[in-house]
Amino acid sequence: MNVIFPRFVKSAYRREPIISVLITMGIVDAVIGGFNDSWSLFVIGLGTAGITLAYRLWRVQQRPPLPEEPVVQHYLPDRSSSSALPLLTVSKKKPPY
């Protein structure tokens, strides 16, 4: 989990920084309000995080579907019908002096 969690957080902050900041603020407010018995801060934090998550889910559902990949048309065949060229070898004979 130590490897997966930082990658998830970094990717979330890169994709949608404003939504990630609002969710973080809401969670921190809720935690502080819960530990200090400040119910108004707790409710504001939960409300902020909840509204932000609901907005994020709504935006994901409103996203248009991805277009289908276009068919690639090849103008040349995969392999040539002619045979491969022969390999050139260097003769190891020493030239006469």
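The values are calculated or read from the model by the stated rules, or taken from the named source; none is laboratory data. Given the structure is predicted, the values throughout are model-derived calculations rather than measurements. Cβ placement follows ideal geometry from the backbone for every residue including glycine, while neighbour counts extend to all protein chains displayed. The protein model used for the area step is the full one, side chains on, heavy atoms only, and it has no ligands, DNA or RNA in it. Shrake-Rupley method; radii C 1.70, N 1.55, O 1.52, S 1.80 Å.
Normalised per residue, the accessible area of the chain is 100 Å², obtained with a 1.4 Å probe and no contribution from ligands, DNA or RNA. From its DSSP helices (H runs of at least four residues, each -39,500 (n - 2.57)), the chain gives a residue-normalised ellipticity at 222 nm of -19500 deg cm²/dmol. Membrane-span-like helices of the chain, defined as complete DSSP H segments with a Cα extent of 30 Å or more along the helix axis and a mean Kyte hydropathy of at least -0.5, are identified as 39-62.
Its Cα centre serving as origin, the chain has a Cβ charge dipole (Lys and Arg +1, Asp and Glu -1) of approximately 920 debye. By accessible area, using a 1.4 Å probe on protein heavy atoms only, the range 21-97 has 66% of its surface on carbon and sulfur. Note on the range 1-76: Rg/Rh from C-alpha atoms, Kirkwood Rh, equals 1.27. With 0.36 nm allotted per residue and the present C-alpha distance subtracted, the Ala54-Thr24 stretch has 9.4 nm of extension available.
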